[in-house]
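Q: Dropping a structure here in structure tokens format, bear with me for questions.
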């Protein structure tokens, strides 16, 4: 059973200097966890899946727009957007590459 510790307690403890000798180790573990989550996210998707851009995407007008996965890389996906994405005049083709963390399944859970 995992140990659940309030995030506020952890951040206050770090802020107050109680873990100064362990800051490098903490940063390494954060990096390792993010790498693991990125790898795990890669296996959530398949080519042809319809996805939606989440709130982390930039430019913000893409939030909520849907696209279809054309290629999955280690940390990014190439997605094909509908032709009407051009009405925003930022992109000159319908295929975009974005981090896996910026997309989620468009289907209801």
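The values are calculated or read from the model by the stated rules, or taken from the named source; none is laboratory data. All values reported here derive from a predicted model rather than from experimental measurement. Glycine gets a Cβ as well: all are built from the backbone with ideal geometry, and neighbour counts include every protein chain shown.
Q: In the range 57-94, how many residues are modelled with pLDDT under 85 and either in contact with a strand residue (DSSP E or B) (Cβ under 7 Å, 6 or more places away or on another chain) or over 30 Å from residue 31 (Cβ atoms) (or both)?
A: Residues in the range 57-94 being modelled with pLDDT under 85 and either in contact with a strand residue (DSSP E or B) (Cβ under 7 Å, 6 or more places away or on another chain) or over 30 Å from residue 31 (Cβ atoms) (or both): 14 in total.
Q: Within the range 35-44, is there a residue that is surrounded by 11 or more Cβ atoms within 10 Å (Cβ to Cβ) and over 14 Å from the mean Cα position of the chain (by Cα)?
A: Looking through the range 35-44, none of the residues is surrounded by 11 or more Cβ atoms within 10 Å (Cβ to Cβ) and over 14 Å from the mean Cα position of the chain (by Cα).
Q: Could I ask something else about it? Could you tell me whether residue 77 is part of a strand (DSSP E or B) and farther than 11 Å from residue 103 by Cβ?
A: no
Q: Considering 47, 57, 26, 69, which residue is touching a helix residue (DSSP H, G or I) at 6+ places or on another chain (Cβ under 9 Å) and within 27 Å of residue 96 (Cβ to Cβ)?
A: That would be 57, the only listed residue that is touching a helix residue (DSSP H, G or I) at 6+ places or on another chain (Cβ under 9 Å) and within 27 Å of residue 96 (Cβ to Cβ).
Q: Still on this structure, please answer the following. For the range 39-50, indicate whether the set of residues that are in a strand (DSSP E or B) and within 17 Å of residue 72 (Cβ to Cβ) is non-empty. Please lay out each step first, then the result.
A: So in the range 39-50, the residues in a strand (DSSP E or B) come out as 50.
Then drop every residue that is not within 17 Å of residue 72 (Cβ to Cβ), which leaves 50.
Yes - at least one qualifying residue is present in the range 39-50.
Q: Then there is this: Among (1) in a helix (DSSP H, G or I); (2) surrounded by 12 or more Cβ atoms within 10 Å (Cβ to Cβ), there is one condition residue 57 misses while meeting the rest; what is its number?
A: All conditions are met except number (1).
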